[in-house]
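Here is the structure we will look at, set down as structure tokens.
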Amino acid sequence: MFPGTCRRWVGRIVYFSCLLSACLSCWQWERVWAQEYGRPVRVGTINDARIDEISGMVPITGHPDYFWVHNDSKDTARLFAVRKDGGLVAEVELPGASNTDYEDIATGPGSDPARSYLFIADTGNNALNRSELVIWRLPEPRLNSTNLGQRLVAERSEAIRFRYPTGT
């Protein structure tokens, strides 16, 4: 009986040694990978009073150094196109959408495979009083000019409504 118990203990020690070794090597790899980033560098400042609480930002397709941004809550359904230096290129109205508490924005596919779509997460729920949340999907607005101060109207937004299984 002793040799079987001994084999199990040796097996466990080898197993946990391998597991510990794998975890340590992954941890070391993550440390090296994270060190590839430099310190943050200020490239611009947004000074427009209409943009007062950015909670989402995504690059504009086809325009390096330009970004779609949006305010958090207490704003109308709109986006802003800004340059990397903070200059406001356009304010974009979002027909069909509302802004209860925008949290984030992303690009992705939609019904037209030739276009890029924006997905705006209206998912904020600080007071835990929203049982239904929404993601607004719309074709990414076309930024035909990078002149400052434009006012654009996007195509109609589509609501993707959902609820969390556990409620709020």
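The values are calculated or read from the model by the stated rules, or taken from the named source; none is laboratory data. Owing to the predicted nature of the structure, the values given are computational and were not obtained by experimental measurement. All Cβ positions, even for glycine, are placed from backbone atoms using ideal geometry, and neighbour counts span all protein chains on display. The protein model used for the area step is the full one, side chains on, heavy atoms only, and it has no ligands, DNA or RNA in it. Shrake-Rupley method; radii C 1.70, N 1.55, O 1.52, S 1.80 Å.
Counting the residues of the range 121-168 that are among the aromatic types (Phe, Trp, Tyr) and modelled with pLDDT under 95 gives 1. Take residue 132 and tell me if it is in contact (Cβ under 8 Å) with a residue 24 or more places away in the chain, over 24 Å from residue 50 (Cα atoms) and not aliphatic (A, V, I, L, M). Spelling it out, residue 132 is indeed in contact (Cβ under 8 Å) with a residue 24 or more places away in the chain, over 24 Å from residue 50 (Cα atoms) and not aliphatic (A, V, I, L, M). Taking residue 168, is it among the hydroxyl-bearing types (Ser, Thr, Tyr), open to solvent by 30 Å² or more (accessible area, probe 1.4 Å) and either assigned to a strand (DSSP E or B) or closer than 15 Å to residue 54 by Cβ (or both)? So residue 168 does not fit the description; no.
Among residues of the range 94-109 that are among the hydrophobic types (A, V, I, L, M, F, W, C), those with a beta-carbon under 8 Å from a residue that is surrounded by fewer than 16 Cβ atoms within 10 Å (Cβ to Cβ) at least six positions away or on a different chain give the pairs 97/159; 105/57. If you filter the range 36-95 down to residues that are open to solvent by less than 70 Å² (accessible area, probe 1.4 Å) and hydroxyl-bearing (Ser, Thr, Tyr), you find that the one that is modelled with the highest pLDDT is 66.
Give the number of residues within the range 96-110 that are open to solvent by less than 40 Å² (accessible area, probe 1.4 Å) and among the hydroxyl-bearing types (Ser, Thr, Tyr). Steps first, answer last, please.
Narrowing the range 96-110 to residues open to solvent by less than 40 Å² (accessible area, probe 1.4 Å): 96-97, 99, 101-102, 105, 108, 110.
Still in the running and among the hydroxyl-bearing types (Ser, Thr, Tyr): 102.
Total satisfying the criteria: 1.
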